[in-house]
Each structure stands twice: as C-alpha cells, then as structure tokens.
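Below is one structure, written out as structure tokens, with a few remarks after it.
The values are calculated or read from the model by the stated rules, or taken from the named source; none is laboratory data. These numbers come from a predicted model, not from an experiment. A quick note on method: Cβ atoms are made from the backbone with ideal geometry, for glycine too, and the neighbour counts reach across all protein chains shown.
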Amino acid sequence: MRVETLDHVNIVTGDLAGTVSFYRDVLGLEQRDPPEPLQPDLVQWLCDAGGRPIFHLVDRARMDRKGPYANKLGGQTGSVDHVALNCTGLEEMRARLDARGLDYRVGGVSGISLVQVFVRDPNNVLLELNFREG
C-alpha cells in the first residue's frame, strides 16, 4: 500500500455561493456539480487545470455528522495550517487579488526561485499560492 497523491481538500462553509465565487473567480478553478447522490445546491467541486476536483465545498447544512468526526464551521481542525497550490501567472493573480481588495502577503524561498502568495478564502482557510516562474 502507498499513497499516490492528495485527492482533495473538503471545506465546510456557511456561504457556499461566496466560497464557490472565490475559488472560481479569484483562483480560476472550474466549478462542477458533484456526482449523484450528492446535491449540487449543497456541494460543489472546484477543479484544477487537469479537471481534477481538488476542493470539495460543502454547505454547512449538509454536514450532519456527530461525535469526533463532526465538522464544525470555524472550529479547530487540528494541526493543519494551510493548503498549498502550484500556480502560474503571478502578476495576473496579484491583479485579481488587488482588484477585489483582498489582503495577501508575498514571500518566497529564494534558494529554489519560489514566490509565495498567502491569502485567506472566505472561510479563513489559509492558501499558499506557489509560483515558480522566471
């Protein structure tokens, strides 16, 4: 047995439309309805350039789990600090963030020519957008 790759990140939200808009319009991901039996008005998938659904966005109303596996909106998720994405188009991304008045921080790792843009989604999920251009 071995892990092949990360499949997706699931984000529980009280504002499904706003969260979909952020990932679609700001990050440029493709919005798709999920497969049955999932309900598109409660769950949306956002796909990368290869068509892989890397974010599952779930309306809080959909989450009815109990006990230790309950998803609590804004609750503690343990030691997960951020989600990192490999990206292209640094200047376009900065222009999108600026146009929407979103707060972000630019950093980097000079030894590997990496520029990092840190931004939070509407649910306070920290995203690290990595650019290896130039």
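For this structure, a couple of remarks:
- Odd one out for Y69 among (1) of a type in the set (F, W, Y); (2) modelled with pLDDT of 60 or more; (3) over 14 Å from V20 (Cα atoms): (2)
- Odd one out for Q39, checked against (1) surrounded by 11 or more Cβ atoms within 10 Å (Cβ to Cβ); (2) more than 18 Å from the chain's Cα centre (by Cα); (3) at pLDDT 95 or above: (3)
- Residue list for segment 48-66, restricted to those being at pLDDT 70 or above, of a type in the set (K, R) and either within 30 Å of E133 (Cα to Cα) or not in a helix (DSSP H, G or I) (or both): R52
- Selection from segment 90-108 of residues that are outside any helix (DSSP H, G or I) and either touching a residue at least 12 places away in the same chain (Cβ under 8 Å) or surrounded by 11 or more Cβ atoms within 10 Å (Cβ to Cβ) (or both): R100, L102, D103, Y104, R105, V106, G108
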